[in-house]
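Enquirer: Pasting a structure here, questions to come.
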Amino acid sequence: MKLKKKSWIRYFFRIVLLVLLIIGSYFVYRNYRILKQVHQYDTQVQAAVEAQGIPEYKDLVLSIIFTETKGLGDDPMQSSESTHGQPNQITESDRSIEQGVSYLSEAIEKSEEADTDLWTAVQAYNFGLEYIDYVADNSGKNTLELAENYSRDVLSPLLGNDNQTMYRYIGVHSFIYNGGYLYHNGGNLFYAELVKLNEQKIKWTNFLFE
């Protein structure tokens with residue numbers, strides 16, 4: 001009986017290991033495909049960051065593309081809103097990247113002048129540049145707590161969510177932080193954390209796409 005029990009336990013763990021291997025392989029393949037889609041814009045991003053005088057932030061720009069669109073569509077940096085105030089207005093990748101890098105450069109410059117950190121500038125890419133002033137008045141460093149407060153108390157009401165209602169948003173950071181929620185009309189309070197994670201993926205795999 002003991003032998004049968006041990007045999008069953010071994011069989012169970014083999015199944016678990018196989019399932020984990022399959023899931024892991026899927027995520028590796030999925031990330032590789034996304035990275036390949038993102039790196040198609042290497043030349044355009046390089047030209048844009050050099051034009052804006054921020055060549056050291058090429059990987060950061062690629063990670064924003066990864067976060068925004070996974071390299072799909074005609075507006076890879078989702079620059080329509082910063083240009084026109086509404087989505088789906090830009091239909092050329094060159095223009096999207098030029099505008100997106102220009103906006104990021106402006107955020108970085110303002111963040112440096114306000115003595116806040118780089119990730120405040122990155123979060124401001126999602127929230128708007130006013131977020132930099134908010135962080136400057138509240139510790140000077142982007143945190144999930146500050147991002148949530150701004151999303152809930154400033155951005156959501158400004159865009160019509162007076163009741164500060166929330167909706168499901170499942171991700172690693174969101175699940176750990178609050179069980180997986182965002183505020184309606186409040187942007188993505190996890191944006192800087194997502195970009196940070198995706199930048200590591202870019203840096204770790206650059207050699208594959210050189």
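Enquirer: Can you check what the net charge comes to around Gln52, using other residues whose Cβ is under 12 Å from the Cβ of Gln52 (Lys, Arg +1; Asp, Glu -1)?
Expert: Result for the neighbourhood of Gln52: -4.
Enquirer: Can I ask one more? Using a simple charge model, +1 on the beta-carbon of Lys and Arg, -1 on the beta-carbon of Asp and Glu, nothing else, what dipole does the chain show about its Cα centre, in debye to the nearest 20?
Expert: My answer is approximately 2560 debye.
Enquirer: Tell me the accessible surface of Glu56 in square angstrom (1.4 angstrom probe, heavy atoms of protein chains only), to the nearest ten.
Expert: Number for this one is 120 Å².
Enquirer: Between Ala51 and Glu113, what is the FRET efficiency for a Förster distance of 22 Å, r being their Cβ-Cβ separation, to the nearest 0.05?
Expert: Details: r = 21 Å, r/R0 = 0.95.
Taking R0 as 22 Å, the efficiency between Ala51 and Glu113 is 0.60.
Enquirer: With a/c under 1.5 counting as rounded, go ahead and sort the stretch 74-116 into rounded, prolate or oblate using the C-alpha gyration tensor (a ≥ b ≥ c being the square roots of the eigenvalues; past the cut-off, prolate if a/b is larger than b/c, else oblate).
Expert: prolate
Enquirer: Rounded, prolate or oblate: pick one for the stretch 1-139, where a ≥ b ≥ c are the square roots of the eigenvalues of its C-alpha gyration tensor, a/c under 1.5 means rounded, and failing that, prolate if a/b is larger than b/c, else oblate.
Expert: In terms of gyration-tensor shape, prolate.
Enquirer: Considering only protein heavy atoms, with the full assembly of protein chains and a 1.4 angstrom probe, order Ile176, Ile15 by accessible area, largest first.
Expert: Ile176, Ile15
Enquirer: By the gyration tensor of its Cα atoms, with a ≥ b ≥ c the square roots of the eigenvalues, what is the shape of the stretch 76-210: rounded for a/c under 1.5, prolate for a/b over b/c, or oblate?
Expert: Details: a/c = 1.32, a/b = 1.26, b/c = 1.05.
Here the stretch 76-210 falls in the rounded category.
Enquirer: For Arg14 and Phe209 in the same chain, what is the full-extension length gain: residue separation times 0.36 nm, less their Cα-Cα distance, in nm?
Expert: My answer for the length gained is 66.7 nm.
Enquirer: Lys/Arg Cβ at +1, Asp/Glu Cβ at -1, dipole of the chain taken about the Cα centre: which of Tyr183, Val16, Leu60 is farthest positive-ward?
Expert: Val16
Enquirer: Where the accessible area of the chain is counted over protein heavy atoms with a 1.4 Å probe, how much of it, in %, is carbon and sulfur? Walk me through the numbers before you get to the answer.
Expert: Details: 6700 of 12330 Å².
With neighbouring chains kept in place, the figure for the chain is 54 percent.
Enquirer: Moving on to the next point. Could you pull out the trypsin sites (Lys or Arg not before Pro) across the stretch 107-210 that fall in loop regions by DSSP (anything but H, G, I, E, B) with no more than 15 other Cβ atoms inside 10 Å?
Expert: Lys141
Enquirer: Let me ask something else. Output ³J(HN,Hα) for the stretch 174-180: one whole-Hz value per residue in order, computed from phi by the Karplus curve 6.51 cos²θ - 1.76 cosθ + 1.60 with θ = phi - 60°, and x for Gly and Pro.
Expert: 5, 5, 5, 6, 9, x, x
Enquirer: For the stretch 145-203, what is the convex hull volume of its Cα atoms per residue in Å³?
Expert: Values: hull volume 4.5 nm³, N = 59.
Normalising the Cα hull of the stretch 145-203 by residue number yields 76 Å³.
Enquirer: Which order, highest average first, do 188-194, 19-25, 100-106 follow once you tally other Cβ atoms within 10 Å for each residue and take the mean per peptide? If you can, show how the numbers build up before the last one.
Expert: On the way: 188-194: 23.7, 19-25: 10.0, 100-106: 21.1.
Highest mean packing first, the order is 188-194, 100-106, 19-25.
Enquirer: Among residues other than Asn185 whose Cβ falls under 11 Å from its Cβ, what is the net charge (Lys/Arg +1, Asp/Glu -1)?
Expert: Charge balance in the 11 Å sphere: 0.
The values are calculated or read from the model by the stated rules, or taken from the named source; none is laboratory data. Just so it is clear, the structure is predicted and the values come from calculations on it, not from any experiment. In this analysis, Cβ positions are derived from the backbone assuming ideal geometry, glycine residues included, and neighbour counts consider all displayed protein chains. These area figures cover heavy atoms from the full protein model, side chains too; ligands, DNA and RNA do not enter into them. Shrake-Rupley method; radii C 1.70, N 1.55, O 1.52, S 1.80 Å.
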